[in-house]
Amino acid sequence: MDCNCPAPTSLTEIVAEACGVDLKQIQKLAFQRDGSIFDSGATSDILELSSWQGFTSASDDTKIVITPLIGGDPTIEAGEAITTGGGDNSTLNGVEEVEGVNPSSFSCLFKSLSSTAEKQLKALICEKNLVVYLFLQGGRIAVAELSAQTHTGFPIQSVFVSDRNNAGFGTKDTVNMSFELQEGWSDNLVVLKPNFNPLTEL
């Protein structure tokens, strides 16, 4: 939380909402090492398929890798407040103090993965500085907006991919995936409609 002194001269303006923003269902994930951006003022317009293909075919730190379709239960649980005190003598008047916000937790499962895809997903566990792009139902993409022309993914940590779950007759094998989104991850969130369908063309 950015609560440094001195405080602003007035309260921060809150804009009137013309229309709401909802991610709806997250259906694919794209991962990239932190440090790269899409820049529509250069040669990497995030709305164009060719820009994504440039990153997915790269052989350096800019490379983007894309998961299979998510099999079920994609959820983001917002991080709860980090607090001290409350109802005791450790704070003034016994009032609970908010010190910060915990990371948000993403989780999902993949169904019927090949062992090759499972192993490739697990390779992400060893990465320490990743960003994630969220591919949404309807072919939309959720990203972090740095400026009107530049976008990137959301920083994440603690990537985990489980071994295979098997429940027997009449079921599909599943692999669970989870990671932590940094506090404030959605502060600069925008949902874009690219000129292609990332769910089927990437």
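Looking only at strands (runs of 3 or more DSSP E) that fall completely inside the stretch 100-202, which ones have 2 or more residues that are under 23 Å from Glu80 (Cα atoms) and of a type outside the set (Phe, Trp, Tyr)?
Output list reads 104-111, 130-136, 140-145, 154-165, 174-181, 189-192.
Taking only the stretch 69-90 into account, find how many residues are surrounded by 15 or more Cβ atoms within 10 Å (Cβ to Cβ) and either hydrophobic (A, V, I, L, M, F, W, C) or within 28 Å of Gly35 (Cβ to Cβ) (or both).
Number of matching residues: 4.
Answer yes if at least one residue in the stretch 31-40 is surrounded by fewer than 16 Cβ atoms within 10 Å (Cβ to Cβ), out of contact with any strand residue (DSSP E or B) (no Cβ under 7 Å at 6 or more places or on another chain) and at pLDDT below 95, and no otherwise.
There is no residue in the stretch 31-40 that is surrounded by fewer than 16 Cβ atoms within 10 Å (Cβ to Cβ), out of contact with any strand residue (DSSP E or B) (no Cβ under 7 Å at 6 or more places or on another chain) and at pLDDT below 95.
Quick check on my filter: what residues within the stretch 121-139 are surrounded by fewer than 19 Cβ atoms within 10 Å (Cβ to Cβ) and either touching a residue at least 60 places away in the same chain (Cβ under 8 Å) or farther than 29 Å from Thr43 by Cα (or both)?
The answer is Lys122, Ala123, Ile125, Cys126, Glu127, Asn129, Leu130, Gln137, Gly138, Gly139.
Select, from Val175, Val161, Val143, the only residue that is over 21 Å from Leu23 (Cβ atoms), surrounded by 13 or more Cβ atoms within 10 Å (Cβ to Cβ) and touching a residue at least 60 places away in the same chain (Cβ under 8 Å).
The match here is Val175.
Among the candidates Ile37, Ile46, Ile26, which residue alone is touching a residue at least 40 places away in the same chain (Cβ under 8 Å) and touching a Pro at 6+ places or on another chain (Cβ under 6 Å)?
Ile26
Touching a Gly at 6+ places or on another chain (Cβ under 7 Å) and surrounded by 13 or more Cβ atoms within 10 Å (Cβ to Cβ): does that describe Leu199?
Yes; evaluated as a whole, the condition is true for this residue.
State yes or no: is Phe154 within 20 Å of the chain's Cα centre (by Cα), more than 25 Å from Gln53 (Cα to Cα), aromatic (Phe, Trp, Tyr) and crowded, with 18+ Cβ neighbours inside 10 Å?
no
The values are calculated or read from the model by the stated rules, or taken from the named source; none is laboratory data. Values in this document were obtained by computation on a predicted structure and should not be read as measured data. Quick reminder, even Gly has a Cβ in these numbers, built from the backbone with ideal geometry, and neighbours come from all protein chains shown.
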